[in-house]
1. Over 24 Å between Cα atoms: which of Lys158/Lys179; Lys112/Lys176; Lys168/Lys193; Lys15/Lys179; Lys84/Lys127; Lys15/Lys168 fall into that group?
2. How much length would be gained if the chain were fully extended between Asn181 and Glu143, taking 0.36 nm per residue of separation minus their Cα-Cα distance, in nm to one decimal?
3. State log₁₀ I(q)/I(0) for segment 114-195 at q = 0.13, 0.21, 0.24 Å⁻¹ as given by the Debye formula over alpha-carbon point scatterers of equal weight, solvent excluded.
Amino acid sequence: MDESIGEMNFNYLLKYVIVGDASVGKSNLLLRYTHGEFREEYQLTIGVEFGSNNLVINNSIYRIQIWDTAGQENFRSITRSYYKNSACALIVYDITRRVSFESLSDWIEDCKNSSPKTVVMVLVGNKCDLAQNREVNEEEGREFAEKHGMLFFETSAKTGQNVEELFKQSATLIAKKIKENYYDLENDSCGIKKGDEENNVVLGNAKANEKEKKGGCC
């Protein structure tokens, strides 16, 4: 994240939800993206966890607001409530556990039933740093994503591989759809909230100020 815009308001706030079976690495994906960290020890998510980060796309500030949900069956009713008003759903499986891949259809069905029709769904095969233990090959994941009209990434929350790219590409797709007037931005149910229209100017000023601090005229 660009520290010079960290405390600014946003042009657009995008609500993301992360779902998938327990222990596929959802919380570590959130931790890696928002804090650049990774937890070796597994910690069960109780209910939901939350984090946010800023992205600059075409000189506008997009605040990515991310809700990480519990994967256990007894929390599914809570998870379903977080699909509502979401711009993007990251549906995660563990490439070393085929059972987590086989349950994807249930997660997608939940997402389609509970999310806005405009939601962008992204399939995420996590733990690609453990490729030697792989039970789901990359082509399987890609074909599954194409079948369901989803973006697809293999990631490693441990090494950070493709984590930034996952959020950047999905947010860039949403930004493109905003420009095409795909969403009704007067209705928060699409998971997108408009911020301060003046932030494009503020962003330019912030970059200029940062340049001045570093010295030099060019």
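Please treat every number below as a calculation from the coordinates, not as lab data. Note that the coordinates shown come from a computational prediction; the quantities given were computed from them, not determined experimentally.
1. Lys158/Lys179; Lys84/Lys127
2. Result for the pair: 10.8 nm of gain on full extension.
3. -0.51, -1.01, -1.16
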